[in-house]
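Values quoted throughout were computed directly from the atomic coordinates according to the rules given, and no laboratory measurement underlies them. A quick note: this is a predicted structure, and the numbers were derived from the prediction, not measured. Please note: Cβ atoms are built from the backbone with ideal geometry, for glycine as well, and neighbour counts cover all protein chains shown.
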Amino acid sequence: MITAIVLYKLPPHIDLAACAAHYRTIAPGFRDVPGLIRKQFIYAEDGWAGGVYLWETRAAAETSYAGPWLDGIRERYGMDPQIRFFETACITDNAIEAVLLPDATR
């Protein structure tokens, strides 16, 4: 599994309320993204926002972060997003009361 942290700087007129409203509008569309396990939509008071994604594979993430998704980020925020990829070694998920151990033999 791959965790990706995606960040972009918001224009000054987009505050938490506006950002959250946009996220709530687009969130259902992420249910059908191939290879995406989970996405957390994030916002910081200094005007940075983005997402923390859990992916089945890096290839799935890279495919999703190209094309229309990237075009939309550039159009809305006027920049390329910062993206960092991490191998996910272990997940504690209190919602399902489990510790998940992805294959780390790569």
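A few points about this structure:
- Residues satisfying the stated conditions in segment 39-81, i.e. surrounded by 14 or more Cβ atoms within 10 Å (Cβ to Cβ) and either among the charged types (D, E, K, R) or in a loop (DSSP other than H, G, I, E, B) (or both): Lys39, Gly47, Glu56, Arg58, Glu62, Tyr65, Pro81
- Filtered by the rule that a residue be surrounded by 10 or more Cβ atoms within 10 Å (Cβ to Cβ) and aliphatic (A, V, I, L, M), segment 82-98 gives Ile83, Ala89, Ile91, Ala98.
- If the condition is being touching a residue at least 12 places away in the same chain (Cβ under 8 Å), surrounded by fewer than 16 Cβ atoms within 10 Å (Cβ to Cβ) and not small (Gly, Ala, Ser), then segment 24-36 contributes only Pro34.
- Leu16 meets the conditions (1) in contact with a Cys (Cβ under 6 Å, 6 or more places away or on another chain); (2) surrounded by fewer than 14 Cβ atoms within 10 Å (Cβ to Cβ); (3) aliphatic (A, V, I, L, M) in every case but one. The failed one is (1).
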